[in-house]
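Each value in this text was obtained by applying a stated rule to the coordinates, not by laboratory testing. These numbers were taken from a predicted model, which means no experiment stands behind them. Virtual Cβ from ideal backbone geometry, glycine too; neighbours counted across all protein chains shown.
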Amino acid sequence: MITADRSVFRDALPSGGRLLGLDVGTKTIGTALCDAGWSFASPAELIRRTKFTADKAALATLIAAQGVKGLVVGLPLNLDGSDSPRTQSTRAFARNLADLSLPILLWDERWSTQAVERQMIAEDLSRAKRAERVDKLAASYILQGAIDGLTAS
């Protein structure tokens, strides 16, 4: 099941469980994990993209090792909310993960990278350190936004 509706996603996971957040880029996939109670998200691994089968295998390994119950995939919409070629690519990526038999939530990630970049600049991290961390931190930002939305009254 793939949905952009957080209540449908929440209903698919009535007892919660760990979620894996994904920031899908062309060269890397940033990942983040949250606790089973959906309180906080933390950056996890950075997966260097190769072929889809290898990317999917790396994700499957992480899912199994961490006992993940659902996926939150950042959806890179245009500023006006419309789809772009990257949005279509991300939707296709999510569809190709559907056979992992986990619910998938597509989450608006329009401002994630910019927010993370601003924070790292404020922390005075060098450009090189920002480049190596941005995708994992963006995945964490996406996942935190999703779990905040899932747990809001």
How large is the charge dipole for the stretch 1-72, taken about the Cα centre, if only the Cβ atoms of Lys, Arg (+1) and Asp, Glu (-1) carry charge, to the nearest 20 debye? 240 debye
Loop-only trypsin sites (Lys or Arg not before Pro) in the stretch 3-35, please: DSSP not H, G, I, E or B, and at most 14 other Cβ atoms within 10 Å. Lys27
Total formal charge among the other residues, if their Cβ is under 15 angstrom from that of Leu102, Lys/Arg +1 and Asp/Glu -1: +3
